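The values are calculated or read from the model by the stated rules, or taken from the named source; none is laboratory data. In this text, all values refer to a predicted model and were calculated from it rather than measured experimentally. In this analysis, Cβ positions are derived from the backbone assuming ideal geometry, glycine residues included, and neighbour counts consider all displayed protein chains. Quick note on the areas: whole protein, heavy atoms, side chains included, nothing else; ligands and nucleic acids left out. Shrake-Rupley method; radii C 1.70, N 1.55, O 1.52, S 1.80 Å.
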Amino acid sequence: MINHLGIIVDGNGRWAKERGLKRSEGHKAGAQNLRDLILYMSNKKLVNYLSLYVFSTENFDRPADEVNYLMDLFIKWFKKCQEEYSKENIKILFSGRKSLLKKNVVDAMVKLEQRTQNNTGLVVNFCLSYGGRAEIVDATKKICQKCLAGELDINAIDESLFSQNLYHELPDIDFLIRTSGENRISNFMLWQVSYAEFYFPKTYFPDFDTEKLDEAILEYQKRDRRFGKVK
Ligand code: FPP
């Protein structure tokens, strides 16, 4: 059983290019695939927590038409999925700097979070406008403010307290998948991947279907996790 699965969604653009399509078509296909994967994981109870890297703080530097397309796609999907996630008992969280996003995007995110906040099934954490270093900096600021306000003793700061001050207090990531054959982590949940097993399939995200996910999970089950200890 994987408690917390992370997926760095990658390869939508190359998937589209190979088919002579626009990059936006790749993102659309990626969104459809993501919907199928989430429902599959929820129905089969494959994982408890799922974190998805769908838009990094660095992605704002892409051409404006691509950024705008993605933002519209997010709004559309978050509205569209409200009913479905409620019915499936899926709880949605967002991690990232909301201050960098336009109001209509934040509104759609907040509504979805509120609508699903009491659900008790699969927890899906969308990392959007997200950077792992930014998350650590933001947590540090929160902790410093509490110290300055006299609410927290500096000696009480430990790893557990630090985790509580991240965007959400989530368990460590057990298994991290990055699609498209890139072997890097690109600032994704740096605190939470400390002991994660990594898996880098060559498949572009729109083709990373439920069968490929099953293959990935089989691979995870073969891994020998020692957490720095000797067995
Ligand atoms: C990376 O692939 C993908 C993204 C930056 C966008 C991810 C977005 C989605 C899957 C869309 C839907 C998400 C939701 C939440 C509805 P890339 O385009 O950088 O691929 P490339 O490296 O081949 O260019």
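Once C-alpha pairs closer than 8 Å and six or more residues apart are averaged by separation and normalised to the residue number of region 1-108, the relative contact order reads 30 percent. For the chain, the relative contact order is 27 percent, taking Cα pairs closer than 8 Å that sit 6 or more residues apart in sequence and dividing their mean separation by the residue count. Applying a DSSP loop filter and a limit of 13 other Cβ atoms within 10 Å to the trypsin sites (Lys or Arg not before Pro) in region 115-207 leaves Arg184, Lys202.
Bridging of Lys146 to aspartates and glutamates at a Cα separation below 15 Å is possible for Asp138, Asp158, once same-chain residues fewer than 8 apart are set aside. Surface composition of the chain: carbon plus sulfur atoms contribute 49% of the solvent-accessible area (1.4 Å probe, protein chains only, all chains present). Report the full-extension gain for the segment Ala149 to Lys80: residue separation times 0.36 nm, less the Cα-Cα distance, to one decimal in nm. Result: 20.6 nm gained on full extension. Here the spin labels are modelled as points 7 Å beyond Cα on the Cα-Cβ line, and at Asn3 and Lys111 they lie 3.5 nm apart.
With the simple model of a label 7 Å out from the Cα in the direction of the Cβ, Lys222 to Lys45 spans 2.8 nm.
Note on Lys17: aspartates and glutamates with a C-alpha under 13 Å away, same-chain residues under 8 apart excluded, are Glu25. Rolling a 1.4 angstrom probe over the protein heavy atoms with all chains in place gives region 118-221 an accessible area of 50 Å² per residue. Solvent-accessible surface of protein heavy atoms, probed at 1.4 angstrom with all chains present, puts Lys212, Lys28 in the order Lys28, Lys212, largest first.
Spacing of the modelled spin labels on Arg184 and Phe60, each 7 Å from Cα toward Cβ, amounts to 2.0 nm. Are there any helices in the chain, counted as whole DSSP H runs, that stretch 18 Å or more along their axis by Cα and score at least -1.0 on average by Kyte-Doolittle, and if so which? Length and hydropathy pass: 23-43, 64-87, 103-116, 132-148. Based on the Cβ-Cβ distance from His168 to Lys231, what FRET efficiency comes out when R0 is 22 Å, to the nearest 0.05? In this case the efficiency is close to 0.10.
Taking a ≥ b ≥ c as the square roots of the eigenvalues of the Cα gyration tensor, an a/c ratio of 1.5 or more together with a/b larger than b/c marks region 89-223 as prolate. Stretching the chain fully between Phe198 and Arg14 yields a gain of 64.1 nm (0.36 nm per residue, less the alpha carbon separation). With contacts taken as Cα pairs under 8 Å at a separation of at least 6 residues, region 100-231 carries a relative contact order of 20 percent. Each peptide in 64-73, 119-128, 11-20 was scored by the mean count of other Cβ atoms within 10 Å over its residues; highest first, the order is 119-128, 11-20, 64-73.
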